[in-house]
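Read the figures in this text as sums done on the coordinates, not as results from a lab. Values in this document were obtained by computation on a predicted structure and should not be read as measured data. Quick reminder, even Gly has a Cβ in these numbers, built from the backbone with ideal geometry, and neighbours come from all protein chains shown.
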Amino acid sequence: MPIGAASVAWQTPAGTTAAALTVTTTAAVAWRAVSLNRTNLTTAATIRVRVGSAASLTTAPTYDSGTVSAGVAVGIGQALHVMPAAVSALAMRIDISDPANPDGYLNIPLAYAGPGTEFNVSYSSDAGLDVRRGDTTTRGGQVFVDALSRARGWNLHLGYVRDATLGWLDQLEATAAQGRNILFVPRIGNARAAAESVFGLLHPGRRGFIGPGDGENGNRIMSADKPLFFDASGTDLMPCLCKAWEVSADGRRTKLHLRRGLRWSDGSPHTADDWMFWFNDLYSNRDLVPVPAPDPTRSPLAARESADGTRR
């Protein structure tokens, strides 16, 4: 349903506050998410999502969410359900119930049901509400408010994208160029996921340097000193805080030799003890770091200090 206007929305007859939407396809779809947008649903609304063959949706579905809250927030008539994992099937059924709806019917102008891809979003991303008004101010200072439109939006920064993901990013930008709506869910599983998600137009930005260590491109210029660094070509490593390094033949162990005489900003010596404190007392403490870094190439599996003060 691509229109999005309440006047041409899918709507139940007056007095009907429970109904079902069924989506069928000719080829299997990897169903992952459902979003009902710009609706008149209340915070008490519930949904039930079932996936399978068209004939078995009500009897033996491959996936059945059971009856769950639609997650509608006050002022944002948006329902959302994200499945734990993608399920390949030919059909999806969405049961919607909102018995206390004051309108006495269900109105759903915009909806999405289909696949989804997860990716890491940079903390520099931000969200906001774009409000457009045509207010009129009298000579006496009285303001007559004329609300024209309002739209929620996200300014997304991906931070870094690996080569394996670039094909997916190309497809996303191609879809955006066609003016098709795209569903973005910033925090899957969060209680405010439905309120924070956006289903709308995407305006692609620009891509930065694509090459070795692209995730560290900005850090090469702005961030703190690193143990090792890239040279100007962006392809070769060079010493920084560490004067030298050794990698074992199997690639599973790296030995870093810290420079002597390094100090923190307060004048305290910078030694291998500081590295061990970070790994043992901070990074390995699940109260402080509940979820380790998702990139396995950045997650040390073990760390220890050698007798000569080097770090392995």
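If the only charges are +1 at each Lys and Arg Cβ and -1 at each Asp and Glu Cβ, what is the size of the charge dipole of segment 241-298 around the Cα centre, to the nearest 20 debye?
Around 300 debye, computed over segment 241-298.
Considering only the Cα atoms of segment 126-200, their convex hull presents on average a projected area of 7.9 nm². The length gained by stretching the chain between TRP264 and SER149 to full extension, at 0.36 nm per residue less their Cα-Cα distance, is 36.2 nm. A protection proxy built from the mean count of other Cβ atoms within 10 Å ranks the segments 186-198, 102-114, most packed first, as 102-114, 186-198. Assign one of three labels to segment 1-140, namely rounded, prolate or oblate, based on the Cα gyration tensor with a ≥ b ≥ c the square roots of its eigenvalues; rounded applies when a/c is under 1.5, prolate when it is not and a/b is larger than b/c, and oblate otherwise. Taking the square roots of the gyration eigenvalues as a ≥ b ≥ c, segment 1-140 is oblate. Sequentially through segment 37-53, phi angles give Karplus couplings (6.51, -1.76, 1.60; θ = phi - 60°) of 10, 6, 8, 9, 5, 9, 5, 8, 5, 10, 9, 9, 10, 10, 10, x, 7 Hz, Gly and Pro residues having no value and appearing as x. If R0 is 30 Å, the Cβ-Cβ spacing of LEU158 and TYR105 corresponds to a FRET efficiency of close to 0.15.
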